[in-house]
Amino acid sequence: MVRLEFSVQLSYEVLDSSCDFIFNIQAARTPRQRVVSESLQFNQSLAPSHDVDKLTQSRLLRLRASSGEFTLNYSAVVELVHFEAAPEALVELSPLDLPGHVLPYLYPSRYCQSDRLLTLAQQEFGHLPLGYLRAKAICDWVERTVSFQGNTSTSGTSALDTLIERVGVCRDFAHLMIALCRAVNLPARMVSGMDYGADAVLGPPDFHAYVEVYLGGENFPGRWYIFDPSGTAIPMGFVRFCTGRDAADIAFATIFGRVNVSQPQIYIQAVANGQGQLVLPQRVDYALSTDGE
């Protein structure tokens with residue numbers, strides 16, 4: 001099992017008398033992502049409230065900060081016990097066989113206009129065998145087609161914009177892959193979190209967005225499997241924060257008021273697990289999931 005230690009510092013200058021925040025920066029607790037320890041600190045005296053999504057285990061932190069400097073520090077140690085499967089054993093499920101809570105991830109959403117990509121998706125991927133390997137083909141196509149380049153997109157950039165411009169950051173790669181998956185009836189969703197192993201040439205550590213596709217198999221139930229269309233990090237080193245239809249659902253911070261924002265300060269490293277072993281995340285050929293049982 002992989003154990004990762006990370007920290008996040010978010011700093012703001014609140015310009016009004018107060019400002020409300022909703023944060024999605026705490027590690028989700030699932031049967032395959034165990035939070036060993038964590039700490040949450042503020043420079044102001046606050047009374048935050050906590051909510052947990054029962055289906056995704058996303059953890060919402062809500063609070064009101066006063067005027068002036070406001071800093072949030074979150075750190076955690078997380079242990080990952082990945083579910084592993086042979087890619088050829090994973091099949092696509094008919095919409096009639098999908099659990100009800102998966103159905104929303106078949107539909108177009110704000111940033112993933114799958115209904116506008118039906119022709120392209122059928123031309124490129126409609127002839128491929130159904131299952132994990134088709135999802136992987138979509139992932140690889142997006143990675144080949146789009147170039148990773150910072151500061152090339154905005155909060156309004158959609159999958160269609162990325163397809164036209166052919167540049168973007170991790171959220172843009174994720175939106176395009178999700179839209180193409182949904183266009184061929186593959187349920188796909190977006191995940192935000194931390195990544196271990198990103199190439200240092202991309203700059204300092206940052207939040208990461210990746211994709212999960214819902215697939216099943218004869219010997220195990222359906223679950224969400226990890227894909228990284230940006231190709232910038234190591235999927236075995238992804239820490240899950242929250243999941244949603246697209247970026248509109250999973251912003252790490254939603255701010256209700258006027259603030260000046262500083263660059264997030266992020267740190268992550270692999271550490272020895274409970275058995276005293278240092279297991280470094282690595283790229284693998286098999287399918288990975290940290291979805292719950």
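Derived scalar couplings between HN and Hα for the range 40-57 equal 10, 9, 10, 8, 10, 7, 10, 10, x, 10, 10, 10, 10, 6, 5, 7, 9, 6 Hz in order, rounded to whole Hz, by the Karplus curve 6.51 cos²θ - 1.76 cosθ + 1.60 (θ = phi - 60°), x for Gly and Pro. Top mean-square fluctuation among Phe256, Phe23, Phe83, Gaussian network model of the chain, C-alpha springs under 10 Å? Per the Cα network of the chain with a 10 Å cutoff, Phe256 tops the list. Between the Cα long axis of helix 132-145 and the first principal axis of the chain there is an angle of about 70°, rounded to the nearest 10.
Using the count of nearby Cβ atoms within 10 Å as a rough guide to exposure, how do Ile164, Ile25 rank from fewest to most?
In increasing order of surrounding Cβ atoms, one gets Ile164, Ile25.
Among (1) 112; (2) 128; (3) 159, find the value of volume of the Cα convex hull per residue in Å³ that was calculated from the structure presented, and write down its label. Of the labelled values, this structure produces (2).
When only Cα pairs under 8 Å and 6 or more residues apart are kept, what is the percent relative contact order across the range 85-249?
Value for the range 85-249: 28 percent.
In this simple spin-label model, placing a label point 7 Å from the Cα along the Cα-to-Cβ direction at both Val271 and Ser94 gives a separation of 4.9 nm. Residue exposure proxy: Ser75, Ser39, ordered by other Cβ atoms within 10 angstrom of their Cβ from fewest to most, comes out as Ser39, Ser75.
Within 10 Å of each residue's Cβ, count the other Cβ atoms and sort Tyr286, Tyr12 from fewest upward.
Details: Tyr286 12, Tyr12 20.
Ranking Tyr286, Tyr12 by Cβ neighbours within 10 Å, fewest first, gives Tyr286, Tyr12.
Loop-located GluC sites (Glu not before Pro) in the range 156-246 (DSSP state not H, G, I, E or B) with no more than 12 neighbouring Cβ atoms inside 10 Å: Glu218. Just checking the listed ones, Asp97, Asp228, Asp172: in the Gaussian network model of the chain with Cα springs under 10 Å, the one fluctuating most is Asp97. Packing here is the average count of other Cβ atoms within 10 Å per residue, and on that basis the peptides 176-183, 219-226, highest first, run 176-183, 219-226.
Readers should treat all values here as calculations from the given coordinates under stated rules, not as data from a laboratory. In this text the structure is predicted, and so the values were computed from the model without any measurement. In this analysis, Cβ positions are derived from the backbone assuming ideal geometry, glycine residues included, and neighbour counts consider all displayed protein chains.
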